[in-house]
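Undergrad: Before I ask anything, here is the structure I am working with.
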Amino acid sequence: MASKRKVIITCAITGAIHTPSMSRYLPITAQQIADAAVEAAKAGAAIVHLHARDPVDGHPVQTTAAFEPIVESIKQRSDVVINITTGGSPRMLVEERVRPAAELKPEIASLNMGTMNFGLFPMLERPTEFKYAWEREYLARILHEKW
């Protein structure tokens, strides 16, 4: 018998740790990220958790300018609840991490409490070939940082 319990589905569109070499399906442009968010909403997601990326090489960016076209495109096409990440990185100031959410005022924003240990270390060592120069150093830094 099917449960009648209601659930809220959140779809994390890109994440920040994944790199383009890990999956050819990783959306990196504002349009690709917005399209994936709208499709997730059509598939039943009530919330989309967003990270922005540089459209040239796909590296994560935490600027209002990067998030704005994503958020605007989603709002024009869907009423899904938008969640802008405040995760950033341990090297970012809190002000840098929260600026896009503070300025764009989505319905919700993430709040990272305590350790940032993602337990991804075996996965981070798998890629051996990279599409972009930044990926190898980025993953190595994540692997060796004290979270």
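The values are calculated or read from the model by the stated rules, or taken from the named source; none is laboratory data. Just so you know, these numbers come straight off a predicted model, no measurement behind them. Ideal geometry is used to build each Cβ from the backbone, glycine not excepted, and the neighbour counts take in all protein chains shown.
Undergrad: Does any residue of the range 83-97 turn out to be at pLDDT 95 or above and acidic (Asp, Glu)? Show your work before the answer.
TA: Let us first name the residues in the range 83-97 that are at pLDDT 95 or above, namely 83-84.
Filter again for acidic (Asp, Glu), leaving none.
Within the range 83-97 (the criterion being at pLDDT 95 or above and acidic (Asp, Glu)), the answer is no, since none of the residues qualifies.
Undergrad: What pairs come out if I take residues in the range 55-69 that are within 17 Å of Ala37 (Cβ to Cβ) and pair them with residues that are at pLDDT below 95 and assigned to a helix (DSSP H, G or I) whose C-beta lies under 9 Å away, six or more apart or interchain?
TA: Qualifying pairs under 9 Å: Gly58/Trp134; Gly58/Glu135; Pro60/Tyr138.
Undergrad: Answer with yes or no whether Thr85 is of a type in the set (Ser, Thr, Tyr) and either on the phi > 0 side of the Ramachandran plot or free of Cβ contacts under 8 Å to residues at least 40 places away in the same chain (or both). Talk me through it step by step, then tell me what you get.
TA: Numbers: of a type in the set (Ser, Thr, Tyr): yes; either on the phi > 0 side of the Ramachandran plot or free of Cβ contacts under 8 Å to residues at least 40 places away in the same chain (or both): no.
It is false that Thr85 is of a type in the set (Ser, Thr, Tyr) and either on the phi > 0 side of the Ramachandran plot or free of Cβ contacts under 8 Å to residues at least 40 places away in the same chain (or both).
Undergrad: Please tell me if Pro69 is at pLDDT 95 or above, out of contact with any helix residue (DSSP H, G or I) (no Cβ under 6 Å at 6 or more places or on another chain) and surrounded by 13 or more Cβ atoms within 10 Å (Cβ to Cβ).
TA: Numbers: at pLDDT 95 or above: yes; out of contact with any helix residue (DSSP H, G or I) (no Cβ under 6 Å at 6 or more places or on another chain): no; surrounded by 13 or more Cβ atoms within 10 Å (Cβ to Cβ): yes.
Spelling it out, it is not the case that Pro69 is at pLDDT 95 or above, out of contact with any helix residue (DSSP H, G or I) (no Cβ under 6 Å at 6 or more places or on another chain) and surrounded by 13 or more Cβ atoms within 10 Å (Cβ to Cβ).
Undergrad: Of the residues Ile82, Ile74, which is in a helix (DSSP H, G or I) and surrounded by 15 or more Cβ atoms within 10 Å (Cβ to Cβ)? Spell out how you get there, then give the answer.
TA: Working: Ile82 fails: in a helix (DSSP H, G or I).
Result of the check over Ile82, Ile74: Ile74.
Undergrad: A follow-up question, please. From Ala16, Ala34, which residue is modelled with pLDDT under 95, under 27 Å from Ala133 (Cα atoms) and crowded, with 19+ Cβ neighbours inside 10 Å? So that I can check it myself, show each step before the final result.
TA: Numbers: Ala34 fails: modelled with pLDDT under 95.
Within the list Ala16, Ala34, the selection yields Ala16.
Undergrad: Can you pull out the residues in the range 48-60 that are at pLDDT 95 or above and either within 21 Å of Leu111 (Cβ to Cβ) or among the hydroxyl-bearing types (Ser, Thr, Tyr) (or both)?
TA: If the condition is that a residue be at pLDDT 95 or above and either within 21 Å of Leu111 (Cβ to Cβ) or among the hydroxyl-bearing types (Ser, Thr, Tyr) (or both), then Val48, His49, Leu50, His51, Ala52 are the ones that fit.
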